[in-house]
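For reference, the structure discussed in these notes is given below.
The values are calculated or read from the model by the stated rules, or taken from the named source; none is laboratory data. Owing to the predicted nature of the structure, the values given are computational and were not obtained by experimental measurement. Backbone-built Cβ (ideal geometry, glycine too); neighbour counts: all protein chains shown.
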Amino acid sequence: MSIITVATSKGGAGKTTVAQVIAGASCQRGLKVAAIDADYNHSLSDWANTFGTYPIEVHHEVNEANLVPLASDLEDKHDLVVIDTAGAAMQATVFAIGCADLVLVPSQLSSSDVIEAVKTMHLVASASQITKRKIEARIILTDYQPHTNIAEHSEGELRASSVPVMKTKLNRLVGFKEMTFNGEVPLTGVAGQHVVKLMFELEQMGVIPAQKMVRVS
Ligand SMILES: Nc1ncnc2c1ncn2[C@@H]1O[C@H](COP(=O)(O)OP(=O)(O)OP(=O)(O)O)[C@@H](O)[C@H]1O
Ligand SMILES: [Mg+2]
């Protein structure tokens, strides 16, 4: 149904974290999920294969010539395809952006994160021009620390750049780090609330299907 690509040219900004959260939480909702790991480091595929917590069909594919046909084939067979990309400039990233319904651009709270996130938003705008269709893109703040000067400063820079930002932020929470060791996307606690909020926002944007109501008779 949809392809969500997670991309930014800044390394360590939270791409794989965001991809894990969305892929895992979508499985928890009963959606049929596939993922493409387009990073040479294959962190997302390692995570999915090591724990096997979720029935995600994961492919490691860094060759740009194979990426779009693979994404399109997976999209036909799944409710959602999540594509994680590399932190360095790679042609595969441009192709992953070109075939996306939504590009999420993670940014932590630092000047270099914000600069690279804004550059990536411009790359999405260029890809929109090439493909002659509007590719939706939003910055998502990760490892976020509310009520700090750096948060105020980073958000001010993003506002000045007029780039759209997701309402949901993933705060700096241990649950998002534990996920890398236990394979489970947080369901409870504050981290769980952030996950629910993110999923709701994606649902409102129409990129993931609305959660089905379970009737209790
Ligand atoms: N909301 C958060 N709370 C706590 N830690 C976070 C959060 N978001 C990201 N991190 C941490 O930040 C680090 C970098 O995150 P991640 O690996 O997702 O970035 P990346 O953009 O995929 O990196 P790379 O460019 O190397 O692929 C990780 O240690 C991750 O656990
Ligand atoms: Mg990564």
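A few remarks follow.
- Close pairs (8 angstrom Cβ cut-off, 6 or more residues apart or separate chains): part of a strand (DSSP E or B) in segment 3-16, near ligand 1 (Cβ under 9 Å from one of its atoms) anywhere: THR5/THR85; VAL6/LYS15; VAL6/THR16; VAL6/VAL18; VAL6/ALA19; VAL6/ASP84; VAL6/THR85; VAL6/PRO106
- Residue ID - nearest to ligand 1 (Cβ to nearest atom), chosen from residues in segment 25-44 that are in a loop (DSSP other than H, G, I, E, B) and under 13 Å from THR93 (Cβ atoms): ASP39
- Check on SER107, out of contact with any Ser or Thr (no Cβ under 6 Å at 6 or more places or on another chain) and surrounded by fewer than 20 Cβ atoms within 10 Å (Cβ to Cβ): no
- Considered as a group, the residues in segment 3-53 that are closer than 17 Å to ILE208 by Cβ, crowded, with 19+ Cβ neighbours inside 10 Å and of a type in the set (S, T, N, Q) include one that is farthest from ligand 2 (Cβ to nearest atom), and that residue is SER26.
- Conditions (1) surrounded by fewer than 16 Cβ atoms within 10 Å (Cβ to Cβ); (2) in contact with a Ser or Thr (Cβ under 8 Å, 6 or more places away or on another chain); (3) part of a loop (DSSP other than H, G, I, E, B): number failed by ILE208: (1)
Results for (1) in contact (Cβ under 8 Å) with a residue 60 or more places away in the chain; (2) not hydroxyl-bearing (Ser, Thr, Tyr), shown as yes or no for each residue.
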{"site": "ALA71", "(1), (2)": "yes, yes"}
{"site": "VAL82", "(1), (2)": "yes, yes"}
{"site": "ALA92", "(1), (2)": "no, yes"}
{"site": "GLY98", "(1), (2)": "no, yes"}
{"site": "SER111", "(1), (2)": "no, no"}
{"site": "HIS122", "(1), (2)": "no, yes"}
{"site": "PRO146", "(1), (2)": "no, yes"}
{"site": "ILE150", "(1), (2)": "no, yes"}
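Here's the yes/no breakdown for (1) part of a loop (DSSP other than H, G, I, E, B); (2) modelled with pLDDT of 95 or more; (3) under 16 Å from the mean Cα position of the chain (by Cα):
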| site | (1), (2), (3) |
| --- | --- |
| ALA100 | yes, yes, yes |
| LEU104 | no, yes, yes |
| GLN129 | no, yes, no |
| LYS134 | yes, yes, no |
| THR142 | no, yes, yes |
| ILE150 | no, yes, no |
| LYS167 | yes, yes, yes |
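- Any hit, segment 65-87, residues being within 16 Å of ligand 2 (Cβ to nearest atom), over 25 Å from ALA210 (Cα atoms) and at pLDDT below 95: yes
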